[in-house]
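What follows is a set of notes on a single structure, which appears directly below.
The values are calculated or read from the model by the stated rules, or taken from the named source; none is laboratory data. None of the values given here were measured: they were computed from a predicted structure. Cβ: placed from backbone, ideal geometry, glycine included. Neighbour counts: every protein chain shown.
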Amino acid sequence: MTNPMGKKIGVLLSGRGSNFEALADSVAAGRIPDAEISMVISNREDAAGLLRAAERRIPARVIPSKGVEREAYDRLVVAALNEARVDLVCLAGFMRLLSPYFVAAFRRRILNIHPSLLPAFPGLEAQRQALDYGVKFSGCTVHFVDETLDAGPIVVQAIVPVKSGDTEETLAARILTEEHRIYTEAVRLVLSGKFRIEDRRVLPPAEANQEEHLNVPLTGRAKSR
Ligand code: GRF
């Protein structure tokens with residue numbers, strides 16, 4: 001699109017697509033420099049995110065997953081991502097586990113966003129899990145994807161307070177605001193290449209001024225009570 005030499009992002013989604021929209025807005029506004037979203041893929045044809053992609057004239061495809069075995073499905077998706085020359089895959093509400101085949105095809109080039117402070121509350125209904133557990137703070141996490149659910153190296157996290165009157169919906173909305181902010185921060189950092197991974201810690205490059213990297217405010221506008 002705008003910059004044929006830039007990095008290409010592929011977004012996988014299954015539903016609403018607000019994180020995809022946040023990334024698309026950040027690319028358009030230059031907050032993620034030298035990048036474009038070159039492909040959106042949904043496993044569901046009724047995903048609202050597909051409409052959002054069409055509005056933005058971003059190429060989008062439905063690859064239906066129903067009844068397709070996991071690795072066979074992932075081979076189709078990986079082929080589509082490669083065809084679109086994708087450098088970085090961003091999962092944005094993609095409701096499927098990736099097979100080892102997929103993870104190996106894009107090793108350290110797949111990010112996911114999860115609505116809790118991992119490793120707390122992995123899996124489905126993370127906001128419900130946080131409320132039921134009674135935590136006073138929750139948040140969101142952008143992490144690299146590996147073979148284990150919601151468990152790869154953490155790139156960026158943000159904290160939000162859990163308020164006494166919260167419902168799943170109010171907590172989810174507060175977290176979502178932070179999701180949109182930190183997904184951009186994480187994608188910008190990863191595409192810049194200015195990081196290294198030691199064991200499972202995402203760190204500034206060895207030679208870098210430590211102050212300049214991973215310097216993402218933890219809480220944004222969120223205030224504790
Ligand atoms: C977000 O809460 C994200 O953290 C989780 O699924 C939800 C997707 O929302 N993985 P959206 O489709 O990006 O609006």
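Tabulated values for the structure
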quantity: Test set (1) free of Cβ contacts under 8 Å to residues at least 60 places away in the same chain; (2) closer than 19 Å to residue 10 by Cβ; (3) outside the structural domain of residue 8 (by TED's automatic domain parsing) - residue 183 fails condition number; calculated: (1)
quantity: Sole exception among (1) in a helix (DSSP H, G or I); (2) within 14 Å of the ligand (Cβ to nearest atom); (3) closer than 30 Å to residue 71 by Cβ; (4) of a type outside the set (Lys, Arg) for residue 130, by number; calculated: (3)
quantity: Options 23, 117: the member that is assigned by TED's automatic domain parsing to the domain that holds residue 160, closer than 21 Å to residue 188 by Cα and of a type outside the set (D, E, K, R); calculated: 117
quantity: Criterion: closer than 21 Å to residue 79 by Cβ, within 13 Å of the ligand (Cβ to nearest atom), modelled with pLDDT of 95 or more and in a helix (DSSP H, G or I) - qualifying residue of 53, 24; calculated: 53
quantity: Boolean, residue 18 is closer than 25 Å to residue 139 by Cβ and within 16 Å of the ligand (Cβ to nearest atom); calculated: yes
quantity: Residue list for region 123-137, filter: surrounded by 14 or more Cβ atoms within 10 Å (Cβ to Cβ) and out of contact with any Pro (no Cβ under 7 Å at 6 or more places or on another chain); calculated: 125, 128, 129, 130, 131, 135
quantity: Check on residue 11, touching a residue at least 40 places away in the same chain (Cβ under 8 Å), within 16 Å of the ligand (Cβ to nearest atom) and either among the hydrophobic types (A, V, I, L, M, F, W, C) or not in a loop (DSSP other than H, G, I, E, B) (or both); calculated: yes
quantity: Selection within region 133-166 - under 24 Å from residue 99 (Cα atoms) and within 12 Å of the ligand (Cβ to nearest atom); calculated: 140, 141, 142, 143, 145, 149, 150
quantity: When residues of region 56-108 are limited to those that are closer than 21 Å to residue 25 by Cα, assigned to a loop (DSSP other than H, G, I, E, B) and in contact with a helix residue (DSSP H, G or I) (Cβ under 8 Å, 6 or more places away or on another chain), the one farthest from the ligand (Cβ to nearest atom); calculated: 87
quantity: Selected residue [of a type in the set (Gly, Ala, Ser), out of contact with any helix residue (DSSP H, G or I) (no Cβ under 8 Å at 6 or more places or on another chain) and not assigned by TED's automatic domain parsing to the domain that holds residue 19] from 151, 130; calculated: 151
quantity: Close pairs from region 41-58: first more than 12 Å from residue 14 (Cα to Cα), partner at pLDDT below 95 and among the aliphatic types (A, V, I, L, M), Cβ under 9 Å, at least 6 apart; calculated: 57/1; 58/1
